[in-house]
Structures are given as C-alpha cells and as structure tokens.
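Step one of this worksheet: look at the structure below.
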Amino acid sequence: MFKETLTPNHWLIITNPTAGKRRYKRQRRFVQNELDKAGISYILKLTAYSGHAIEIAKEYTKRGCLNFLVLGGDGTVSEVVNGIFAAQPKDSSKIKLALLPRGTGNDWGRFWKLTKNDKASLAVFLKGKTQLIDIGKVDYRDKEKLHKERYFINSIGFGLDAEVVNVTHRMKKYVGSFSPLYTVTLVSAVFGYKSFPTKLKINDKEYNPLLFTMNIANGPYTGGGIKQNPQAVPYDGIFDMMFVEKPTVKDILTALGKLFNGKLTKHPAINYFRTKEVSVEVEKHIPVEADGLILKDATNYSISIIPNAIQMVVP
C-alpha cells in the first residue's frame, strides 16, 4: 500500500535504515506484512541523511497527515517531532505518534516499556491506546544572531551531559554503536571536565552556579538507561531538572552509581527542581544537546514546555 493518496486514516511510516541496520530489513518486512493483513493504509518513507526525517514529517504535516509511525531510534523520533511542530499544525493534540524501537539507546521507548521485540511493540500499535504527552522547546540565537528553535521529546542537557553526547557521536565512527558506549564515555570524561560560569532562572529565581552538568527532562532516561531525572513523567505538564555545580572527586564517585538506581536526585551534590520554564545564559559557547542533537554557537537559551502537545501510542 504505497499510494500517495493521504486520508485522515493513513499512517506515515518513517524509518532510518542506519539505526539498528542489522534489524532494519527484517523489521520493515514484518511491519508491512502485519499492516497489510490488518488493512491499515500507510505511506513508507526512508530517511537518507541527518535531518531528513524533519523534512519528511514537516511536509506531510502540512499536507494534513495526523498519524506518524517511527521505525528507528531516539534520534529519528526527535526529528519527526521537530518536523511536526515546524509545520505549525493548527491542533497538534490531534496528531498521533507511534514507535517501534530500533537502535542502541531507546531511552524514549524505555519509559513506555516499548521494547525491540517487534511483535510486542506492534501489538501496542495495533491496539491504538494513546496518551497526550508534553513536548519541550528551546529558543536561542546562533552566531549570526538569527532566532532558532528546537523541540525535544526527551531532554535537553548542558555541560558534561552534552559533552558526553558529543564524544559518543564521534566515537561511533570508530567503534560503532553499542549500548554501553555512552556510559563508557561518561566515565572517561567526568573527571577531566571543567565547570563554567552560568546564569540560570528557574521558577522566577536566579542562580549563578559554576555549572558542571545540567539536564532538563521530559522523560527520565538518557544515555541508554541512565536516570538523571528519575521522577520525570512526560505527561504532567512540567519539567524535572537537575544541575551540579563544581563537584569534588567524592561527589563524582558517589553519584555515578546512583545514575542507574533512580536515587540520583537524593545525592547532596544535586540541585533538583520542577519547573515549566528555564533560562540559561553562559559567557562562552558550551556544549548543549537536545535529544542527542548538538546545538552550537549560542550563549542564551530559553526552554519551555508545551503541555498536552501530541498523542503518543502507548501500552
């Protein structure tokens, strides 16, 4: 069913052939066969380069598409969300987003217990239960002072958080993708990273930390299962966020284990907040990532939440 006729019942399938590429063909054939058997109309689009899913989702949202199924990893999900909102739909809450995970991280799918078992995840899709979820937005200006915006479904990170993502991306070129890569990079980078002066505004109160790392979360997982904000829930209309000022070696050693057991925010070195808006000002360009995409050449960021922004297909 590859007809380009688009009706309100059509699903646009967007898949990244390079995310979990060993499973790509098998997953694609399975999904197409099952959707054909179920009589579900769909259009299949393959991404060919970074940012392509944004373009595809934007085009089809403008054409009136209301249903998006992602076969891929966290990066493809984030790109699809950015494409949907870049199209400025009149009512995004009518749009549905579904996921069959593939790739190494699967942090977004992990929260919803969407596994890489295609049969189980497709059963969730076919059942069709949905949950309105929130989406994050970051506004900033690039080095030409042009306004930019980026949406994120999972989290945005500053400092060490983003530096680890950046190094992980570079490492993938040499060692490939494997689940513990983020953790390995984190452990190797954490002791050498330098804090930097920062101005924060959280819940109308100003802070001036020597910032080491910060994560503002819609969902609880990053880096393939790390829980920087374990209490984060992507449908409560508010961010969970944490930041760390210049830590001691003892702080680092005692906090690392808590990244996986859900107790990080109880560590004394963690500054924890719940907020709907955050403003960030730094003196020089520092690493920033939104859903794993590195944002460059800015010193001021405004982060806000869009409540009940889109429907997620959930178990």
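If you take all other residues with their beta carbon under 10 Å from the beta carbon of GLY292, and give Lys and Arg +1 and Asp and Glu -1, the sum is -4. Distance between the 7 Å Cα→Cβ label points at ARG63 and LEU6: 0.5 nm.
Among the listed pairs LYS137/LYS263; LYS205/LYS276; LYS58/LYS96; LYS145/LYS246; LYS25/LYS113, those with a Cα-Cα distance over 19 Å are LYS137/LYS263; LYS145/LYS246; LYS25/LYS113.
Size descriptors for segment 1-149, from the alpha-carbon set: Rg then Dmax equal 15.3, 52 Å.
Between GLU149 and LEU46, the contour length at 0.36 nm per residue exceeds the alpha carbon distance by 34.6 nm. Less than 5 angstrom separates the built amide H of ILE310 from those of ILE133, all sequence-distant by 5 or more or on a different chain. Label positions at ASP139 and PHE260, each projected 7 Å from the Cα along the C-beta direction, are separated by 4.1 nm. Between LEU211 and PHE196, THR198, the built amide H atoms are under 5 Å apart, and every one of these is 5 or more places off in sequence or on another chain. Report Rg/Rh for segment 114-158, rounded to two decimals, where Rg is the Cα radius of gyration and Rh the Kirkwood radius. Here Rg/Rh amounts to 1.24. Per-peptide packing, taken as the mean over residues of other Cβ atoms within 10 Å, places 90-101, 265-276 in the sequence 90-101, 265-276 from highest down.
One chain, two ends: THR115 and LEU253. Fully extended at 0.36 nm per residue, the span grows by 46.6 nm beyond their Cα-Cα distance. If you take all other residues with their beta carbon under 13 Å from the beta carbon of LEU160, and give Lys and Arg +1 and Asp and Glu -1, the sum is -3. Here the label points at SER195 and SER304, each 7 Å from Cα along the C-beta direction, are separated by 3.1 nm in the simple model.
For the chain, the average shadow cast by the Cα convex hull is 15.6 nm², which is a quarter of the hull's surface. Could you tell me the calculated FRET efficiency between LYS276 and ASP297, based on Cβ-Cβ distance and R0 = 25 angstrom, to the nearest 0.05? About 0.40, to the nearest 0.05. Here, segment 136-306 has an Rg and a Dmax of 15.0, 44 Å when only alpha carbons are counted.
For segment 212-256, the relative contact order works out to 41 percent when only alpha carbon pairs closer than 8 Å and six or more residues apart are counted. Taking a sphere under 10 Å around the Cβ of GLY225 and counting the other residues whose Cβ falls inside, with K and R at +1 and D and E at -1, yields a net charge of +1. For the chain, the membrane-span-like helices by this rule, meaning whole DSSP H stretches whose C-alpha atoms cover at least 20 Å of axis and whose Kyte-Doolittle mean is -0.5 or above, are 160-175; this says nothing about an actual membrane.
Amide H to amide H, with H built 1.01 Å from N, TYR42 comes under 5 Å of TRP11, counting only residues 5 or more places away or on other chains. Under a model in which nothing but the beta-carbon of Lys, Arg (+1) and Asp, Glu (-1) is charged, the chain shows a dipole of about 1060 debye around its Cα centre. What percent antiparallel are the DSSP beta bridges of the chain, to the nearest 5? Bridges in the chain that DSSP calls antiparallel: roughly 75 percent. Could you tell me the calculated FRET efficiency between GLU34 and ASP236, based on Cβ-Cβ distance and R0 = 30 angstrom, to the nearest 0.05? Step by step, r from the Cβ atoms, then E = 0.35.
Only the coordinates and a few stated rules stand behind these numbers; no lab work does. No experiment lies behind these values; they were computed from the predicted model shown. Here Cβ is always computed from backbone atoms with ideal geometry, including for glycine, and neighbour counts include all displayed protein chains.
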